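K.L.:
This is the structure, below, for whatever I ask next.
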Amino acid sequence: MKKLSLLLFSVFVVSCSSWMSPESSLDVEPAVFPDYKDVTIPCNIAPMNFMVEGADRIQAVISVDGKEALRVSGREGVISVPLKKWRTLMEQNSESRLEVQVSVWTEEFPQGVAYRPFSINVVNDEIDPWISYRLIEPGYVGWKQLGIYQRELSSFEETAIVTNRESATTCINCHHYSSYSPESMIFHARGANGGTILYDEGKLQKIDFNSIGPKKSPTYPAWHPEGRFIAFSSNTARQNFFVEGERPIEVYDVASDLMLYDIETGEVLTDARFVTEESLETFPSWSPDGKYLYFVSYKAESLPVRFDSSSRYDLLRMPFDPVSRTFGEVETIYDSSVQGGSVSYPRVSPDGSKLLYTLTEYGTFPIWHEDAELKMLDLETDEHVDLSVWNDPSEADSYHSWSSDGRWVVYGSRRIDGRYTHLYIAYFDHEGKPHKPFLLPQKNPRYNLWRLKSYNVPEFMSGKVSLPDKAADLFYSED
């Protein structure tokens, strides 16, 4: 017992002596990365680990209502909160304001300096437990290793859903889910043995769209809320490379049409209005009640279509009758010739009241456009919501998805370095106010800089995807 008491005492002394008191203080907030100052987070998010560049030792005291709740120290400027301690903190303070005071020891302040605390707001609106995304090098014409991955948002667990590890010539892209369900997933595999992979309630199949219907390959999918139909656009894309100027590349469609796939019958249905050469339709998206299909469209002034900075896409919608499997009259929601810009990625909020989309000066591939930003239209008042707090003024903010309750949005942004797309999560509160976004948390915040991959097509899910092992066999080439 004496030895055990001595051991416990020694641990206590070491623990206490490892905490240091800074010699001075500054009345400014620390320059933390990621910038988690004054962000709003869900109570079930992973630890918001951060760093201060140039620091050797770092300490953080987290307080709630003036009372210390947690203290963490670290080396090399990194604060990494233990997962269990963070979860306890969140459980006890699910609707609170955290005050984080940071102290660092640097060459400039070898005896330590304490900064003015910054705040993190915690809300009781839980976020969906998982997101998925494609990880790919931000290249132009080729790829080597890519895949669709999933991340648990309450921890740092990341696992592959499907990759091209065994077939580096296969491009895997454009994944989507039926009503956020991990049991119903679709994605495309491009290559010698490619096709569209459909996983629906335990059944796995590859669909060769070139052999059915209009013999067009699908590109961007949108699963109808009732689960029977999937709307697709069929896109033929081209790339232009520039020898001068700041923008290295422009991606554009030379053809794109709309199709509807009936899962029950295996049919591909088309509407004569949307399989013409005179107009290009893309990015289909359903209203949450399934009564309307939203999409964007550009009327080509000349054929064949070539890159043109005047190409601007309108935002349209049309009613859908699931019994007759037909679409009604087209309605213009955003007229680019009047309102300016070009629309991509329309997504309606789960309650049907808000329409989120990406607007750029021209074209339909906004990820390479520094001016691309998120816009939100109130469908009840026909007025726009101010999203300036979500957008970066100098880099692209593009692909986005709503959480299942409409309180959170995840989107891709190139604001860190202008080349790699990272994921940001933003709160949209019950009063319709957008809050400052935060970078997807990582166990080591430097991982955001070390990982030379772009995150794209982020989608929320209600659970973890577990594809059958034979999924890869459907598209890996035998060569």
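K.L.:
Quick one: helix 2-17 against the long Cα principal axis of the chain, what's the angle to the nearest 10°, folded into 0 to 90?
P.N.:
Long axis of 2-17 versus the principal axis of the chain: about 70 degrees.
K.L.:
Same structure, new question: On a 0 to 90 degree scale, rounded to 10, what angle separates helix 83-92 from the longest Cα axis of the chain?
P.N.:
For helix 83-92, the angle is close to 90 degrees.
K.L.:
What translational diffusion coefficient, in µm²/s and rounded to a whole number, does the Stokes-Einstein relation yield for region 411-452 at 37 °C and a viscosity of 0.692 mPa s, taking the hydrodynamic radius as the Kirkwood radius over Cα pairs?
P.N.:
After rounding, the answer is 284 µm²/s.
K.L.:
Another question, if that's okay. Which of the aspartates and glutamates could be linked to Lys215 by a straight reach, that is with a Cα gap under 13 Å, when you skip same-chain ones fewer than 8 residues away?
P.N.:
By straight Cα distance, Lys215 reaches Asp257, Glu267.
K.L.:
May I pose another question? Show me 333-339, 435-441 ranked by packing, highest mean number of other Cβ atoms within 10 Å first. Mind showing how you got there, number by number?
P.N.:
Working: 333-339: 14.6, 435-441: 20.9.
Ranked from most to least packed, the peptides come out as 435-441, 333-339.
K.L.:
Now for a different question. Compute the distance from the alpha-carbon center of region 306-372 to that of region 31-108, in whole Å.
P.N.:
40 Å
K.L.:
Give me the number: length gained by fully extending Glu201 to Glu23, i.e. 0.36 nm times residue separation minus the C-alpha to C-alpha distance, one decimal in nm. Before the final figure, lay out the partial values.
P.N.:
Values: separation 178, 0.36 × 178 = 64.08 nm, distance 6.13 nm.
Extra length from Glu201 to Glu23 when fully extended: 58.0 nm.
K.L.:
I'd like the distance between the alpha-carbon centres of region 177-207 and region 425-451, rounded to an integer number of Å.
P.N.:
29 Å
K.L.:
Compute the FRET efficiency between Asp469 and Ser155 as 1/(1 + (r/R0)^6), taking r as their Cβ-Cβ distance and R0 = 30 Å, and round to the nearest 0.05.
P.N.:
Approximately 0.80, to the nearest 0.05.
K.L.:
What is the packing order of peptides 223-236, 417-430, taking the mean over residues of other C-beta atoms within 10 Å and listing the highest first?
P.N.:
Going by the mean number of other Cβ atoms within 10 Å, highest first, we get 223-236, 417-430.
K.L.:
Now for a different question. Would you be so kind as to identify which of Asn164, Ala60, Ile127 lies farthest towards the positive end of the dipole of the chain, taking Lys and Arg as +1 and Asp and Glu as -1 on Cβ and the Cα centre as origin?
P.N.:
About the Cα centre, the residue reaching furthest to the positive side is Ala60.
K.L.:
Same structure again: Which entries in Lys203/Lys453; Lys37/Lys84; Lys67/Lys436; Lys375/Lys443 show an alpha-carbon gap greater than 27 Å?
P.N.:
Lys203/Lys453; Lys375/Lys443
K.L.:
Ok, one more. What is the percent carbon and sulfur in the accessible area of the chain, measuring with a 1.4 Å probe over the protein chains and ignoring ligands?
P.N.:
The C+S portion of the solvent-accessible surface of the chain is 48 percent.
K.L.:
For region 402-479, rounded, prolate or oblate, judged on the Cα gyration tensor with a ≥ b ≥ c (square roots of eigenvalues), a/c < 1.5 rounded, else prolate if a/b > b/c?
P.N.:
Numbers: a/c = 2.63, a/b = 1.45, b/c = 1.81.
It comes out oblate by the Cα gyration axes.
K.L.:
Also, quick follow-up: In square angstrom, what is the accessible area per residue of the chain with a 1.4 angstrom probe?
P.N.:
Ligands and nucleic acids excluded, the result is 46 Å² per residue.
K.L.:
How far, in nm, would the chain grow between Lys215 and Ser63 when pulled straight, counting 0.36 nm per residue and subtracting the alpha carbon separation?
P.N.:
Stretched fully, the Lys215-Ser63 segment lengthens by 48.6 nm.
K.L.:
Let me ask something else about it. Sort 253-261, 94-102 by packing, meaning the average of other beta carbons within 10 Å per residue, with the highest value first. It would help to have the intermediate numbers written out before the result.
P.N.:
On the way: 253-261: 22.7, 94-102: 18.1.
Listed from highest to lowest mean packing, they are 253-261, 94-102.
K.L.:
So what is the calculated 222 nm ellipticity per residue for the chain, using -39500 (n - 2.57) for each DSSP H run with n of 4 or more, over all residues, to the nearest 500 deg cm²/dmol?
P.N.:
-2000 deg cm²/dmol
K.L.:
Let me ask something additional. Pop a pseudo-label 7 angstrom from the Cα along the beta-carbon direction at both Thr265 and Ser181 and give the gap in nm to one decimal.
P.N.:
2.1 nm
K.L.:
How charged is the neighbourhood of His188? Take every other residue with its Cβ under 14 Å from the Cβ of His188, and add Lys/Arg as +1 and Asp/Glu as -1.
P.N.:
Details: positive: Arg134, Arg190, Lys206, Lys216; negative: Asp208.
Summing Lys and Arg as +1 and Asp and Glu as -1 gives +3.
K.L.:
Right, something else. Using only the Cα atoms of the chain, each taken as one equal point scatterer with no solvent, compute I(q) by the Debye sum, divide by I(0), and report log10 of the ratio at q = 0.08, 0.09, 0.13 Å⁻¹.
P.N.:
Results for the chain at q = 0.08, 0.09, 0.13 Å⁻¹ read -0.53, -0.66, -1.24.
K.L.:
How high is the FRET efficiency from Asp321 to Glu277, r the C-beta distance, R0 22 Å, rounded to 0.05?
P.N.:
Step by step, r from the Cβ atoms, then E = 0.25.
K.L.:
Is region 333-382 best put as rounded, prolate or oblate by its Cα gyration tensor, with a ≥ b ≥ c the root eigenvalues, rounded for a/c under 1.5, and otherwise prolate when a/b is larger than b/c, oblate when not?
P.N.:
Oblate, because a/c is 1.5 or more while a/b does not exceed b/c.
K.L.:
Using label points projected 7 Å from each Cα along Cα→Cβ, tell me how many nm separate Arg451 and Arg116, to one decimal.
P.N.:
Here the modelled spin labels are 3.3 nm apart.
The values are calculated or read from the model by the stated rules, or taken from the named source; none is laboratory data. Everything numeric here is computed off the predicted structure, so don't read it as measured data. A quick note on method: Cβ atoms are made from the backbone with ideal geometry, for glycine too, and the neighbour counts reach across all protein chains shown. Ligands, DNA and RNA are excluded from the accessible area calculation, which covers all protein heavy atoms including side chains. Shrake-Rupley method; radii C 1.70, N 1.55, O 1.52, S 1.80 Å.
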